[in-house]
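Scroll down for the structure; my scribbles are underneath it.
The values are calculated or read from the model by the stated rules, or taken from the named source; none is laboratory data. Quantities reported herein were computed from a predicted structural model and do not represent experimental measurements. Cβ sites come from the backbone with ideal geometry, for glycine too, and all protein chains shown count toward neighbours.
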Amino acid sequence: MVEIITAETAGFCFGVKKAVDEAFRLAEEKKELYTYGPVIHNDEVMRRLTEKGVKLVESEEELAALSGGTVLLRSHGVPKRVITLLDEKGIDYVDVCCPFVKRIHGIVDRESGEKQIVIIGNPKHPEVEGIMGWCRTPAEVLSTEEEASEYTPKDDRAICVVAQTTFNHNLFKKILEIFEKKSYDVTVVDTICNATFRHQSEAREIAGRVDAMIVIGDTKSSNSRKLYEICRKECDRTEFIQTVSGLTLVQDGSIHTVGITAGASTPNYIIEEVQKHVRREF
Ligand code: F3S
């Protein structure tokens, strides 16, 4: 029988669990509940919330047009102007932004008056868009070593570096080394979430000792995609699936151990389904 090694860190992190629990609680309690952007990057969870009558609001224009109800502000955080808009319009809202992301908002809000903020992250990710929205002066966003090498500050202000919470730890270190070599006046606040770090190192460790590895997560979830990249480097037979139906891995007699991990926005029941399937079919 195949041995299954499931990562202890697989699935919801603290911030996502808090946001999802609150979303389901409010869905029962409130008559008219909206979420501004998906609460988390997982289609399954969003489908279940929609079934409970929760409506998705996708733009600031739509938000401004609301005349009632309660708005849930997502775990990745929103720009400051969104909160100002809701306050001005008198619209009820519940902010389920993860406290670790909130901490970054506080840092950039404080530092961006005097310093140039550099965010190491994906500029299109809602979390980064949210962080940019708390900077008093425009922030720079860098996501690769090349971009860091090419970067030159626009003025002689000191630099304050923060990171998207789910950014790859090793790449972050490499980017900081590039900055060090350039001898900029830099303050670094390592805002990569510990949950992500533990998640990534456990995935790497398991992928390094199994015959096949399964990473479960939504294709839109950046931390899930990163887990996949990390595992793929350690194990050729790594598959990235959203649910059990996406699994193409088959037992050909050479698989004795299977590792399983899942992105921070993957619900537990999806992980259990995959475990059951592997136990049955392998
Ligand atoms: Fe928060 Fe870390 Fe999760 S920042 S949302 S606990 S990955």
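If only residues of segment 161-199 that are among the basic types (Lys, Arg) and within 21 Å of LYS233 (Cβ to Cβ) are counted, the one that is nearest to the ligand (Cβ to nearest atom) is ARG198.
Remark: GLU150 falls outside the filter, which requires a residue to be away from the ligand (no atom under 14 Å from the Cβ), under 29 Å from CYS235 (Cα atoms) and modelled with pLDDT of 95 or more. From the list SER265, SER254, the lone residue that is in a loop (DSSP other than H, G, I, E, B) and surrounded by 13 or more Cβ atoms within 10 Å (Cβ to Cβ) is SER265.
Screening GLY77 on (1) within 28 Å of ARG225 (Cβ to Cβ); (2) away from the ligand (no atom under 14 Å from the Cβ) shows it passes everything except condition (2). In this entry, THR152 is excluded by the filter for residues that are crowded, with 20+ Cβ neighbours inside 10 Å, assigned to a loop (DSSP other than H, G, I, E, B) and either free of Cβ contacts under 8 Å to residues at least 12 places away in the same chain or among the hydroxyl-bearing types (Ser, Thr, Tyr) (or both).
Residue-wise test of (1) at pLDDT below 90; (2) within 24 Å of SER112 (Cβ to Cβ); (3) among the β-branched types (Val, Ile, Thr).
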residue: GLN164; (1), (2), (3): no, yes, no
residue: ASN168; (1), (2), (3): yes, no, no
residue: TYR184; (1), (2), (3): yes, yes, no
residue: SER201; (1), (2), (3): no, no, no
residue: ILE214; (1), (2), (3): no, no, yes
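Contact map, segment 193-217: residues that are more than 19 Å from HIS256 (Cα to Cα) and of a type in the set (A, V, I, L, M) paired with residues that are assigned to a helix (DSSP H, G or I) and away from the ligand (no atom under 16 Å from the Cβ), Cβ distance under 8 Å, separation 6+ or inter-chain. Pairs shown: ILE216/ILE270; ILE216/ILE271; ILE216/VAL274.
Listed here are the residues, each with its yes/no results for (1) surrounded by 13 or more Cβ atoms within 10 Å (Cβ to Cβ); (2) part of a loop (DSSP other than H, G, I, E, B); (3) in contact with a His (Cβ under 8 Å, 6 or more places away or on another chain); (4) aliphatic (A, V, I, L, M).
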residue: GLU146; (1), (2), (3), (4): no, no, no, no
residue: ASP156; (1), (2), (3), (4): no, yes, no, no
residue: VAL162; (1), (2), (3), (4): yes, no, no, yes
residue: THR165; (1), (2), (3), (4): yes, yes, no, no
residue: LEU171; (1), (2), (3), (4): yes, no, no, yes
residue: ILE175; (1), (2), (3), (4): yes, no, no, yes
residue: ILE178; (1), (2), (3), (4): yes, no, no, yes
residue: TYR184; (1), (2), (3), (4): yes, yes, no, no
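Just so you know, in segment 18-58 the residues that are basic (Lys, Arg) and either within 16 Å of VAL94 (Cβ to Cβ) or at pLDDT 95 or above (or both) include one that is nearest to the ligand (Cβ to nearest atom), and it is LYS18. For segment 47-74, residues that are in contact (Cβ under 8 Å) with a residue 40 or more places away in the chain and over 16 Å from TRP134 (Cβ atoms) total 2.
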